[in-house]
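Only one structure is covered here, and it is reproduced in the block below.
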Amino acid sequence: MTQTRARDHSDAPAPKSVPGDSALTAGALIEGLPFTSPWLLAPMEGITAPSFRDLVLSRHAATELGGAFTEFVRVIDGPVAPKELRKHLGARRFGTPVGVQLMGKNLDGVEGSVRNAVNMGVPVVDLNFGCPAKGALRGCAGAAALKDPTGLETTTAAAVRGAEGRVPITAKIRAGFDHARDVEVLARAAEAGGASMLTIHCRTRREGYCEEVDWTRIERAVQAVSIPVAGNGSAIDHSDLERMRSETGCALVMVGRGALANPWVFSGKQITRAESADFLVEYHDVLMSLGSSAKGAIGRTKQLLQHWTAGGLVESEEHRIRLLRETDGEALLHFLQDAARPFEATP
Ligand SMILES: Cc1cc2nc3c(=O)[nH]c(=O)nc-3n(C[C@H](O)[C@H](O)[C@H](O)COP(=O)(O)O)c2cc1C
C-alpha cells in the first residue's frame, strides 16, 4: 500500500525536521498491512498524542519506523465522532502510517467508530484488549476481554464489519489476565474475529509493567495463528528489535517505553547530546504552542526524562533524580536549551 500525504487535521505546528519525499512514498512491507518497516511505536496514553508522536516520526524515515498509533480512544456508547478522532490523529505529515486505537465493548459503537475512522482516511484501526486500568475494566473493556475470548472475538468482528474491507483491523492483547496459560486461545480469538495482525504484549494484566518478561509467550502466539504477530514487551535497544524477531518468529516488533528512553530506537542512530536535548526542548515548545501551561509543559518533559537515555544527556541516575526534582522549570529548560546548542569548535 503506497502512503500519500493526507489532509492536515490539526493546528499543531509542524516539527522542525521533516523527512524527504522518498520517505513519504515508502511501500508496505507485509501484504494487507500498511506498515513500512517491521518496527512500530506503541500506543501510550498521555504520551503518543500528536505532540510526541510527530517528533518521533520527524526523526525517522518511513523505512525505519513502520507505524504508530494514537493513544486509546474510548468507545462508550455510540460511535466516536470524527472531531474526537481528529484530535487524536493530528496532522498527517509523514510517510509512516498512523492508526487509531479504539477501546470499548459496545459493538455498534466500535463498528461505527471504525467506519468514521476509515472515512477520514485512517490506514489501520487497532483494538485495545490490554488496558489494565480500573476504569476500562469497569466498562468490561481493555484487559477485561482477556477473561472473555468470545467477547474479544465479537468486538473484533464488529470492527471488521465497520472497516468493510477498506483497512485492516489489528488487535492488541496482553498474554492473559492473571495467568498466561491461554495465550493461544486469546490469539486465536482475535484471528477468528478477523484481525489482520495481532500485537501481543507479553506481560499479563496482573504483571503490570514488571521488569522481567517472557518472550516465549510471543512465540506461542506466533505458532497459534496464521496472521502476522507484532511482539511487544521490553524491546528497549535497537538490537532488541531483531533479537525479538529471531527468538520468537514474530513479524513485527512494537516498542513502548524504549521509545520514551530513546526515540531513535527504531533507526538505531547514535545521536549527540545536543540532538537529544533538542528533542526535549522542541517537545516542550510544541506543548506550549498547543496551550499547555508552563508547569504542564515542564511536567510532560519530566515525564520523558524519567526514562530518557538518548545521547548521554542524563549522565547518571543521580543526575536524573536532580533533574526530576528541579522545582524551577526555567532552570530545567535552560539546562536543556544550553545542551541543545550545537557544539562550537574552538579555533
Ligand atoms: C504510559 C503508558 C501508557 C500506555 N497506554 C496504552 C494505550 O493507550 N494503549 C495500549 O494498547 N497500550 C498502552 N500502553 C502499553 C504499551 O503500549 C505497551 O504495550 C507496554 O508499555 C509494553 O511495552 P514496553 O515494554 O515496550 O513498554 C501504555 C503503556 C504506558 C507505559
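Numbers at a glance
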| quantity | calculated |
| --- | --- |
| Rounded Å value of the spacing that divides the Cα centres of the range 235-306 and the range 26-69 | 12 Å |
| Ellipticity estimate at 222 nm from DSSP helix runs (n ≥ 4, -39,500 (n - 2.57)) divided over the chain, nearest 500 | -12000 deg cm²/dmol |
| Protection-proxy order for peptides 51-57, 32-38, each taking the mean of Cβ atoms within 10 Å per residue, highest first | 51-57, 32-38 |
| Lys/Arg +1, Asp/Glu -1 at C-beta; the chain dipole; positive extreme among Tyr209, Gly112, Ala141 | Gly112 |
| The chain: relative contact order in percent, alpha carbon pairs under 8 Å with at least 6 residues between | 13 percent |
| Point-charge dipole on Cβ atoms (K/R +1, D/E -1) for the range 21-262, about Cα centre, debye to 20 | 600 debye |
| Mean Cβ neighbour count within 10 Å, used as a protection proxy, ranking 169-179, 282-292 highest first | 169-179, 282-292 |
| For the range 273-340: Kirkwood Rh in Å [reciprocal of mean 1/r, alpha carbons] | 11.8 Å |
| Relative packing of peptides 301-309, 325-333 - highest average C-beta neighbours within 10 Å first | 301-309, 325-333 |
| Convex hull (Cα only) mean projected area of the chain, reported in nm² to one decimal | 17.5 nm² |
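Quick note: the coordinates plus some simple rules give every number you see, no bench work behind them. Keep in mind that what you see is a predicted model, and the values were worked out from it rather than measured. Glycine also receives a Cβ, built like all others from the backbone with ideal geometry; neighbour counts cover every protein chain displayed.
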